[in-house]
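Student: Below: one structure in structure tokens.
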Amino acid sequence: MAREFAIIGLGKFGSVLGRCLREKGQTVIGIDTDPDKVRLAAEYLSHAYVAEATDKTALMQLGVADCDEVIVSTGHSMEASILITLFLKEIGCKRVTVKAVSEDHEKILRKVGADEVIFPEGFAAQQLAAQLAVPGFLDYLPLGENVVLRQITVRDWAGKSLRDLDLTNQFGIQVVAIRKAGTEHFSFVPSPHKPLSAGDLLVCLGPAQAMDSLAG
């Protein structure tokens, strides 16, 4: 079932987020003070409005309190994002996610009621650094500190089964998928009994430090 989102601030982050949500079949309302940004966003968003989001009355009139979630992405204007977040919570918004520019900014946003605070640039840089430094790295996951999803190509493990390797008990690592050498598709919940072959690709979930100790 489609959910309804409001995005306040249609800069690079807000516009891409809105486009992606629409591609996933969600209803998206876009709000910005720049008529040109609103005009462009109107081509792919459900609705787009020119409005000053630091005006509490305007927020109420636009009905953002009825949305499932509101995302605030007002660039580097800390004052504006803080005031908007405060007003959104005061008018009864269910969930508010805000883009922050610093740790101090994050602290203030949480104090005025932000449900979630994000640092898109910092997260992207962390992801890129990990991909460059750690071969096979796929993603950091919000399941705990330094929990990662990583691909490992089988070399020394050839001929052994997942049961033989006992990665879960030895390292706290779970193999969630496997792509057999020479094939294109992954199979999920792989059998623990079948022997692995050189070139098999394992998708593993677990602590980053433990992953670094594995060679495959």
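Student: Applying the selection to region 75-94, what residues are surrounded by 15 or more Cβ atoms within 10 Å (Cβ to Cβ) and either farther than 16 Å from residue 5 by Cα or outside the structural domain of residue 27 (by TED's automatic domain parsing) (or both)?
Tutor: Within region 75-94, 78, 80, 81, 82, 83, 86, 87 qualify.
Student: What is the residue count in region 172-216 for residues that are crowded, with 17+ Cβ neighbours inside 10 Å and assigned to a loop (DSSP other than H, G, I, E, B)?
Tutor: The number of residues fulfilling the criteria is 7.
For every residue, the table says whether it meets (1) at pLDDT 95 or above; (2) surrounded by 15 or more Cβ atoms within 10 Å (Cβ to Cβ); (3) more than 28 Å from residue 205 (Cβ to Cβ).
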| site | (1), (2), (3) |
| --- | --- |
| 31 | yes, yes, yes |
| 62 | yes, yes, yes |
| 65 | yes, yes, yes |
| 68 | yes, no, yes |
| 98 | yes, yes, yes |
| 137 | no, yes, no |
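Student: Which one of these is assigned by TED's automatic domain parsing to the domain that holds residue 208, acidic (Asp, Glu), surrounded by 12 or more Cβ atoms within 10 Å (Cβ to Cβ) and modelled with pLDDT of 90 or more: 156, 164? Please lay out each step first, then the result.
Tutor: Details: 156 fails: surrounded by 12 or more Cβ atoms within 10 Å (Cβ to Cβ).
Answer to the check: 164.
Student: If we only count helices (runs of 4 or more DSSP H) wholly inside region 1-86, which ones have 2 or more residues that are among the charged types (D, E, K, R)?
Tutor: Ranges flagged: 12-23, 35-41.
Student: Residue by residue through region 151-164, note down the ones that are outside any loop (DSSP other than H, G, I, E, B) and within 12 Å of residue 194 (Cβ to Cβ).
Tutor: Initial filter on region 151-164 (outside any loop (DSSP other than H, G, I, E, B)): 151-153, 161-164.
If the condition is that a residue be outside any loop (DSSP other than H, G, I, E, B) and within 12 Å of residue 194 (Cβ to Cβ), then 161, 162, 163, 164 are the ones that fit.
The values are calculated or read from the model by the stated rules, or taken from the named source; none is laboratory data. These figures come from a predicted structure and were not determined experimentally. Cβ coordinates were reconstructed from backbone atoms using ideal geometry, including for glycine residues, and neighbour counts include every protein chain displayed.
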